[in-house]
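Reviewing the structure listed below.
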Amino acid sequence: MVRSDHASSGVMFTIDTESGFPDAVFITAAYGLGENVVQGAVNPDEYYVFKPTLKKGFYPILSKKTGSKDTKMIYCEEGDKVTKNVPVSEKERRSFALDDKEILQLAKWGVIIEEHYSKKAKRFKPMDIEWAKDGYSNKLYIVQARPETVASQRKKNIYKEYRLSKRGKILATGSSVGEKIGSGKAHIIKDVKDISKFRKGEVLVTEITDPDWEPIMKIAGAIVTNRGGRTSHAAIVSRELGIPCVVGCGDATEKIKKGEKVTVSCAEGDIGFVYEGLLRYNVKEINLSRLPKTKTKIMMNVGAPEQAFELAAIPNSGVGLAREEFIISSYIKIHPKALLHYKRLKDKDVKKQIDELSFAYPDKKTYFVERLAQGIAMIAAAFYPNPVIVRMSDFKSNEYANLIGGKGFEPEEDNPMLGWRGASRYYSKEYEEAFGLECAAIRKVRDEMGLANVKAMIPFCRTPEEGRKVLQTMKKHKLERHKNHLDVYVMCEIPSNVILVDQFSKIFDGFSIGTNDLTQLTLGLDRDSELVSRIYDERNDAVKEMVKKVIEGAKKHNKKIGICGDAPSTYPEFAEFLVDCGIDSISLSPDAVIKTTLLIAKTEKRLGIR
């Protein structure tokens with residue numbers, strides 16, 4: 001009845017199906033009738049929308065990812081056949097199946113449907129919804145809604161942490177489903193008629209699954225498919241069964257040998273891996289409800305946006321460090337000036353790489369701004385309304401040069417670690433326009449998506465004058481300190497930040513101590529040099545004296561003071577030292593949060609801190 005054979009269709013969940021994060025709407029979309037999406041016969045587009053700020057009238061599309069969408073199901077009149085699959089044009093495959101207005105409309109409807117059934121049930125009831133777009137009227141329709149029964153049923157207070165003891169040779173990769181690890185003998189099945197040969201505990205490797213495969217899926221140690229997305233049949237059933245599953249590998253049935261022993265890991269973020277051999281892994285179960293409260297705020301260092309929803313389930317007070325560099329190198333991969341000056345590029349191979357990555361964005365600048373904004377927004381939404389401190393880019397010149405198209409825009413420096421990085425880039429005439437794209441991304445997250453919990457942080461700011469110049473440059477690009485409650489922090493990672501703490505306190509709203517660079521510059525050594533590595537130690541008395549002095553200085557001026565360096569994650573005694581100094585917050589690597597929270601609670605009790 002809805003002629004989606006001439007348009008698109010898909011599935012929508014009002015909860016994140018992987019992590020159980022309740023505040024996101026997850027939408028998949030592909031061309032043609034919806035059967036292909038439901039059965040996992042195509043890799044669809046994926047979109048995330050943030051519910052809390054959507055309800056406030058903002059436009060919080062957190063993520064947009066194009067799927068291959070290589071076939072579509074249409075109606076036909078060929079003999080007894082009612083439908084058939086036909087190829088999708090390259091132009092359509094490289095385009096989003098929904099525009100932003102349609103994504104937001106579906107998300108709004110999803111929220112309305114969820115609220116309706118939650119009210120009837122008198123409890124939170126996330127929904128599993130199917131939708132279709134009519135190709136003649138261009139109208140969207142909801143065609144089915146039922147309760148989501150997997151992610152919403154998980155125990156909320158138990159955190160299971162799966163971790164490989166070591167990685168091995170990678171045989172195949174795809175999209176991970178769940179966060180578990182499984183292993184066993186690979187059993188490749190290409191036709192459903194052969195499923196009777198499958199044995200309990202084996203790893204099912206196949207092209208695609210449908211309901212006929214469920215009897216063996218229930219006994220599988222793990223599941224790997226060539227095709228399908230995270231709402232395909234294989235993904236939904238494996239999620240329901242709690243079995244690790246990697247979908248959309250493309251060539252797993254060719255790369256994995258029948259009968260060889262493999263390990264399937266979904267515990268490393270958005271990408272799932274199939275490794276050669278039976279690798280050792282650990283499972284740790286933690287009751288989060290028993291974690292003690294601390295006066296010292298426990299925050300997290302978060303790099304990968306795709307892990308944010310899962311990490312946010314660990315008790316925390318927000319994100320003390322979200323690195324732009326990770327998002328740029330993983331999500332964007334292109335030097336910002338290569339995008340700004342695309343028409344001037346002479347290297348055909350570089351232009352081809354840029355075209356391949358930015359095909360869905362006709363405007364190259366928009367590609368950088370939107371991709372950076374989406375990466376930041378995923379983290380900001382996961383930890384909302386707690387603060388998320390985003391550090392502006394801190395690549396060194398050699399690292400910038402390694403981005404696609406970067407070599408033509410970067411100088412060669414003898415010592416990039418001490419060269420043109422951080423604050424000195426932002427206001428320079430050589431880089432300011434690129435920094436403007438970073439400002440636009442932060443502005444988009446805060447003003448358009450409504451995620452005003454994002455704060456900006458300036459790295460490697462050598463002098464107070466540099467700090468003032470950076471703030472002026474940000475204002476020039478319409479990202480103004482204190483406008484819409486924007487706080488701007490500064491990294492404390494140079495001895496001058498400590499010595500001139502009084503002056504820096506007049507310019508910035510807070511400090512975050514970076515022990516890696518502060519140790520390097522206090523002790524006068526290259527932290528990457530093996531020759532002096534034995535001297536590099538954040539617990540050195542000189543470094544600790546620097547840390548103590550900047551905490552005292554910040555508190556004197558009523559400025560926030562935290563730490564995001566590795567030291568408290570690595571050394572428990574350093575975390576105790578920080579609490580003793582009266583630090584406001586400690587930002588840790590996710591795997592150190594629970595053990596350090598317990599340690600800090602004991603330390604506060606010993607010191608009589610309430």
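Taken across the stretch 200-209, residues that are in contact with a His (Cβ under 7 Å, 6 or more places away or on another chain) and modelled with pLDDT under 90 do occur, with at least one present. Does the stretch 101-157 hold any residues that are modelled with pLDDT under 95, within 23 Å of E46 (Cβ to Cβ) and under 23 Å from the mean Cα position of the chain (by Cα), and which are they? V150, A151, S152, R154, listed by residue number. Applying the criterion of at least 3 residues that are at pLDDT 95 or above and in the same structural domain as P385 (by TED's automatic domain parsing) to the strands (runs of 3 or more DSSP E) found wholly in the stretch 25-80 leaves an empty list.
Taken together, the residues in the stretch 465-485 that are of a type in the set (A, V, I, L, M, F, W, C), in a helix (DSSP H, G or I) and farther than 15 Å from S505 by Cβ amount to 2. Going by what's in this entry, would L288 be described as surrounded by 16 or more Cβ atoms within 10 Å (Cβ to Cβ), out of contact with any Leu (no Cβ under 8 Å at 6 or more places or on another chain), modelled with pLDDT under 95 and not hydroxyl-bearing (S, T, Y)? Judged against the criteria, L288 is not a match.
For K295, the conditions (1) at pLDDT 90 or above; (2) part of a loop (DSSP other than H, G, I, E, B); (3) of a type outside the set (S, T, N, Q); (4) not assigned by TED's automatic domain parsing to the domain that holds D591 all hold with the exception of (4). Please verify whether Y431 is at pLDDT 95 or above, over 19 Å from S329 (Cβ atoms) and aromatic (F, W, Y), treating the condition exactly as stated. No: the conditions fail for Y431. On inspection, V82 qualifies as over 27 Å from G57 (Cβ atoms) and without any contact (Cβ under 8 Å) to a residue 12 or more places away in the chain.
Residues are listed down the side, and each one gets a yes or a no for (1) at pLDDT below 90; (2) more than 30 Å from R425 (Cβ to Cβ); (3) not assigned by TED's automatic domain parsing to the domain that holds V205:
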{"site": "T231", "(1), (2), (3)": "yes, yes, no"}
{"site": "V237", "(1), (2), (3)": "yes, yes, no"}
{"site": "G242", "(1), (2), (3)": "yes, yes, no"}
{"site": "V247", "(1), (2), (3)": "no, yes, no"}
{"site": "V264", "(1), (2), (3)": "no, yes, no"}
{"site": "L279", "(1), (2), (3)": "no, yes, no"}
{"site": "A308", "(1), (2), (3)": "no, no, yes"}
{"site": "L321", "(1), (2), (3)": "no, no, yes"}
{"site": "E325", "(1), (2), (3)": "no, no, yes"}
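Only one of the numbered conditions (1) over 17 Å from V454 (Cα atoms); (2) under 27 Å from the mean Cα position of the chain (by Cα) is violated by S505, and that is (2).
The single condition among (1) aromatic (F, W, Y); (2) in contact with a Lys or Arg (Cβ under 9 Å, 6 or more places away or on another chain); (3) farther than 20 Å from R481 by Cα that Y367 does not meet is (2). Do we find that S393 is modelled with pLDDT of 95 or more, farther than 17 Å from Y367 by Cβ and among the polar types (S, T, N, Q) in this structure? Spelling it out, it is not the case that S393 is modelled with pLDDT of 95 or more, farther than 17 Å from Y367 by Cβ and among the polar types (S, T, N, Q). Say we look at the stretch 556-579 and pick out the residues that are surrounded by fewer than 16 Cβ atoms within 10 Å (Cβ to Cβ) and at pLDDT 95 or above; which of these is farthest from G608 (Cα to Cα)? Ranking the qualifying residues of the stretch 556-579, first place goes to H557.
Does the stretch 460-480 contain any residue that is at pLDDT 95 or above, on the phi > 0 side of the Ramachandran plot, crowded, with 19+ Cβ neighbours inside 10 Å and touching a Gly at 6+ places or on another chain (Cβ under 7 Å)? Yes.
Which members of the stretch 121-169 meet the condition of being out of contact with any Lys or Arg (no Cβ under 9 Å at 6 or more places or on another chain) and hydrophobic (A, V, I, L, M, F, W, C)? Of everything in the stretch 121-169, those that are out of contact with any Lys or Arg (no Cβ under 9 Å at 6 or more places or on another chain) and hydrophobic (A, V, I, L, M, F, W, C) turn out to be A121, F124, W131, I142, V143, A145, I158. If the condition is being surrounded by 11 or more Cβ atoms within 10 Å (Cβ to Cβ) and not hydrophobic (A, V, I, L, M, F, W, C), then the stretch 190-207 contributes K190, D194, R199, G201, E202, T206, E207.
The values are calculated or read from the model by the stated rules, or taken from the named source; none is laboratory data. On a predicted model such as this, the values are computed, not experimentally measured, just so you know. We place every Cβ from the backbone using ideal geometry, glycine too, and count neighbours over all the protein chains shown.
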